[in-house]
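Just so you know, all these numbers are worked out from the coordinates, no wet-lab data involved. Just so we're clear, the structure is a prediction, and the values are computed from it rather than from any experiment. Note that we place each Cβ from the backbone using ideal geometry, even for glycine, and neighbour counts take in every protein chain shown.
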Amino acid sequence: MKYISTRGGSPKLSFSDVLLTGLAPDGGLYLPETYPKFSNSSLEQLRAKSYQELALIIFQTFIDDIPVNDLKEIVYKTYTKEVYGYARSNQDAEQITPTLELDENLYLLSLSNGPTLAFKDIAMQFLGHMFEYVLGRKNQTLNILGATSGDTGSAAEYAMRGKEGVKVFMLSPHKKMSTFQTAQMFSLQDENIFNIAIEGVFDDCQDIVKAVSNDLAFKNKNKIGAVNSINWGRILAQIVYYFKGYLDITSSSKEVIDVTVPTGNFGNICAGHIARMMGLPIRKLVVATNENDVLDEFFKTGNYAPRGSSRTFQTSSPSMDISKASNFERFIFDLLDRDSEALKKLWLEIDKGRSFQLNAKSFKRIQDFGFVSSSSKHENRIQLIANFYKKYNVIMDTHTADGIKAALDHFDSRVPMMVLETALPIKFEESIEEAIGKKPERPEQLKNIEALTQRYEVFGNDVDQIKSFIEANN
């Protein structure tokens, strides 16, 4: 299995090389040359598998440069009930990503059982072990540069803390995450973790990461890698739970389901798109956005118009306060029949701060890929959190509420709808208290996390300052 860049100007790489490279040298994102296919009969053979067994089978179809026994050891070291039993019962922890039936044909896929209580732990814990393994085998070191709107940062840092050969430089928008999210990241005192608060919004942080990664001389000299969902390893690990969720809520591979995904940087739902391309019987992929509804506008009109910092809203679902989704390029690449030249023309407009409009043929193909969309506002989130707590005794976080709103907008009672959970509600206590009149219960070890000493640096929106900081701490 080799990997190619969406922009067509980089050499084909193996999985291990793609893992360490992050963004392709030509500015594109890596994808496998072809997607492996699972037939109905092969899906049925997966039905009785544990999460670990399922992950190993799927990973083997994408990774052929790591010995199977080594890959198996990494998988079984990553997906344990100890790591994913943080906020669930032991029985649920065995499942890693248990499903919860809310109502007839309405399910919640529980993804927030890891150490930072967010779905990103599922992939990031795998990446932490994989980075350490590949770097050790190559006798190399890596400086990971990432950007976070809330959950990626803490998930990455908790996965990489103490790992041999790895340093993490994580950019976040200054004072624009929840207090809990901020405390999770900034309270870490590990010597290989560096938190950098940028005076701006998430898109500014992401632009800095891309600018540094596109400076190939600096990237090579300072061994810069990526842990954001621009890294293919993140997407690969997320594909697994789409299969797991599907198998949990169906009894036959002849059944189809719909899936709703709260979407910020388009990585999580991109994994769903790839799972569908691999043969998983997903009928609709519902894109759920908040007030930053650039993607909702695109899927309704074919017009992709990212907004600048001044027009990116700060909302009560802050991890989705993104107006330029980096993984969107992977989907458009497939939508354009993997025509790199056509994609480069579109992204030339985006890189110049402009927009693009799909032609009629390409816009019609969106339906072939099963995509629909919806957006929500703060009042929708608060009302849904309150209603679902009253009706089902389930407290959900604000991002998951965005997902529920979109799911109900597109709900067909004849087809199972699976909504992907984003985080546990304790990460967004202010909104939960507004909705139900009380704060969700915290585990004992997290009760005073905001009082811990925080270690971070504040910088302006300046690429050169970040480069200098990395060099000074390399």
Cross-link partners of residue 77 among aspartates and glutamates (Cα-Cα below 20 Å; sequence separation of 8 or more within a chain): 53, 64, 65, 92, 94, 121, 132, 157, 164
Sites residue 101 and residue 472, calculated FRET efficiency, Cβ-Cβ separation with R0 51 Å, nearest 0.05: 0.45
From Cα pairs below 8 angstrom and at least 6 apart in sequence, can you work out the relative contact order of the range 89-199, rounded to a whole percent? 21
With DSSP loop assignment and no more than 16 other C-beta atoms within 10 Å, the trypsin sites (Lys or Arg not before Pro) in the range 402-474 are 414, 438, 447, 455
Here, residue 458 and residue 365, labelled 7 Å along Cα→Cβ, have an inter-label distance in nm of 4.7
Using a 10 Å cut-off around each Cβ, can you sort 138, 361 from fewest to most neighbouring Cβ atoms? 361, 138
Tell me, what is the FRET efficiency for residue 441 and residue 141 to the nearest 0.05, using R0 = 30 angstrom and their Cβ-Cβ distance as r? 0.15
Taking the chain and counting helices only, DSSP H stretches of n ≥ 4 at -39,500 (n - 2.57) each over all residues, the nearest-500 ellipticity at 222 nm comes to -13000 deg cm²/dmol
A 26 angstrom limit on the alpha carbon distance is what I want to check against. Which of 352/427; 120/244; 120/221; 12/223; 81/390; 175/244 exceed it? 352/427; 120/221; 81/390; 175/244
Ranking 246, 392 by Cβ neighbours within 10 Å, fewest first, what do you get? 392, 246
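Full extension from residue 161 to residue 451: what is 0.36 nm times the residue separation minus their Cα-Cα distance, to one decimal in nm?
102.3 nm
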Taking placed amide H atoms and a strict 5 Å upper bound, the residues 5 or more places from residue 193 or on another chain that come that close are 168
Principal axis extents for the range 245-303, Cα atoms only, whole Å, descending order, please. 37, 19, 15
Applying 1/(1 + (r/R0)^6) with R0 = 45 Å to the Cβ-Cβ distance of residue 69 and residue 252, what FRET efficiency is obtained, to the nearest 0.05? 0.85
Which helices, counted as full DSSP H runs in the chain, have an axial Cα extent of no less than 24 Å and a Kyte-Doolittle average of -1.0 or above? 120-138, 232-249
For a label point 7 Å from the Cα of residue 355 along Cα→C-beta, name the residues of the range 363-390 whose backbone N is under 18 Å from it. 363-364, 373-376
Most exposed first by the Cβ proxy, i.e. fewest other Cβ within 10 Å, how do 10, 413 rank? 413, 10
